[in-house]
1. Among (1) hydrophobic (A, V, I, L, M, F, W, C); (2) under 12 Å from B:V59 (Cα atoms); (3) within 9 Å of chain B (Cβ to nearest Cβ), where does A:V42 come up short?
2. Of the residues that sit in segment B:1-27 and are in a loop (DSSP other than H, G, I, E, B) and of a type outside the set (A, V, I, L, M), which one is surrounded by the most Cβ atoms within 10 Å (Cβ to Cβ)?
3. When B:V144 is evaluated against the numbered criteria (1) in a loop (DSSP other than H, G, I, E, B); (2) buried (at least 19 other Cβ atoms within 10 Å of the Cβ), which criterion, by number, is the only one it fails?
4. Collect the residues in segment A:42-64 that are touching a helix residue (DSSP H, G or I) at 6+ places or on another chain (Cβ under 7 Å), assigned to a helix (DSSP H, G or I) and not aromatic (F, W, Y), keeping them in residue-number order.
5. Can you pull out every residue in segment B:28-60 that is farther than 26 Å from A:L118 by Cα, among the aliphatic types (A, V, I, L, M) and assigned to a helix (DSSP H, G or I)?
6. Working only within segment B:154-196, note down all residues that are free of Cβ contacts under 8 Å to residues at least 40 places away in the same chain, assigned to a loop (DSSP other than H, G, I, E, B) and touching a strand residue (DSSP E or B) at 6+ places or on another chain (Cβ under 6 Å).
7. Name the residue, out of B:G167, B:G192, that is more than 23 Å from B:D17 (Cα to Cα) and of a type in the set (G, A, S).
8. Please work out if A:E105 is within 28 Å of B:D17 (Cβ to Cβ) and at pLDDT below 90.
Amino acid sequence: MNDEVGGNKRRARFQALCQSLRPDLLRFAFWLSRDRALAEDVVQESMLRAWKARDSLLDESAAKPWLLTIIRREYARTFERKRFATVNVDELVAQEEPMLAAAEEQDISDVRAALMRLPDEYREPLILQVLMGYSTAEIARELELSGPAVLTRLYRARQQLRAACGEDVRLDPQE
Amino acid sequence: MTDHTHYRSAIMSDPHDPDPDLRAHRDSCAECRAFTEQLLRFEARLERALLVDIPVKSVVLPFARNGAQGPRRWMAMAASLLLALVIAAGAWLTLPQRSLAAAVVAHMAGEPDAWLTDAPVPDADLNAVLKDSKLHLKPDAGVVSYASSCEFRGHRVPHLVVQTPSGPVTVMVLVHEAVRNPKQFDEHGYRGTIVPVPGHGSIAVLMRDANPGSGDVERIAARVDNSIIWTR
């Protein structure tokens, strides 16, 4: 009886936790995969894995990074299973155009289109930094990179994005 | 010694890097200050661009159990709802404070026109901006020279510029951003504070560092807080 009550309480807590984080997890998975349907599948599968591995979450305040790691691994597994040889970015952009163009302002849609075309190795640390609020050290730990490597990727990500949006990216104003 | 190249590389990696050497370079170089303001405007666009709208119902929680019956089911649902609210509130309150301050600075840098005038905004325009946040200002609040209802972290919030004896200050009323304690910040030439308003989220007050005679930003924030009349 006590076990059942305890189990129900745990389930309720875990469900509430996942519910509150679900919007952020979906956005993260979308920008990781650039494919809404795939993002939904990955988050769905990740929730199941998270529930099965719930005993490994010792501190609820660490739930978000814990779930993000599960999502990254699940996305990597999906990628391996389907053995995608290449990703046609133009097709992805066309496929997701209704959602990308849903922004009221054109300049936001332009940034979204540029993000879609950003290489994975630059897009992922940028999402972790800007969308998820990770520090450089946290990104380095999550992506298993050195701190300077993370900073280089973040620099290149912004340089490419801003250049694609017609912004000044000169390092030397005299150039 | 930081040069243009080092400075720009560093802030392109982290636009909110608080490194004092970077700040010293920015303060002494008008070109890099302008570059930073442009970068922060872009950062505000980037943050909004990342907030794509995906309906959460597209993902069901597979561990939700359907077996509970009758009153037990309702009690379980009520408990879940309560827990969701507690956890969501807890998560909200533990969000990094620097992140909120950085978002406020980035948003403000994205609307440089807000500082350009000191002429009062017509009452009708001001009331339209404040209406949705269920508040109005006392007549002694000072001249409001800019009022806009802005999208900020997924919500529409009033963004005001109020003319005070210490110069113009930007005020953002963040009904959806609860903070535990007052948080001072000093980023990219803007000084400010985010103060909690129990039951109504928080208020961010910012002023430009270069304001001649700029006073105590906390005192101004308290005055702004006292000038608000909540209607809910």
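The values are calculated or read from the model by the stated rules, or taken from the named source; none is laboratory data. The structure displayed is predicted, hence computed values, not measured ones. We place every Cβ from the backbone using ideal geometry, glycine too, and count neighbours over all the protein chains shown.
1. For A:V42, the exception is condition (3).
2. So in segment B:1-27, the residues in a loop (DSSP other than H, G, I, E, B) come out as B:1-3, B:14-19.
Imposing the further condition that a residue be of a type outside the set (A, V, I, L, M) reduces the set to B:2-3, B:14-19.
Details: B:T2: 19, B:D3: 13, B:D14: 19, B:P15: 23, B:H16: 18, B:D17: 16, B:P18: 13, B:D19: 13.
Going through the qualifying residues, I end up with B:P15.
3. Going through the list (1) in a loop (DSSP other than H, G, I, E, B); (2) buried (at least 19 other Cβ atoms within 10 Å of the Cβ), B:V144 breaks only (1).
4. Start the filter on segment A:42-64 by keeping residues that are touching a helix residue (DSSP H, G or I) at 6+ places or on another chain (Cβ under 7 Å), which leaves A:42-43, A:45-47, A:49-51, A:54, A:57, A:60, A:63-64.
Those still in the list that are assigned to a helix (DSSP H, G or I) too: A:42-43, A:45-47, A:49-51, A:54, A:60, A:63-64.
The answer is A:V42, A:V43, A:E45, A:S46, A:M47, A:R49, A:A50, A:R54, A:E60, A:A63, A:K64.
5. B:A30
6. Within segment B:154-196, B:H176, B:P182 meet the criteria.
7. Details: B:G192 fails: more than 23 Å from B:D17 (Cα to Cα).
Selected residue: B:G167, the only one of B:G167, B:G192 that is more than 23 Å from B:D17 (Cα to Cα) and of a type in the set (G, A, S).
8. On the way: within 28 Å of B:D17 (Cβ to Cβ): yes; at pLDDT below 90: yes.
In short, yes.
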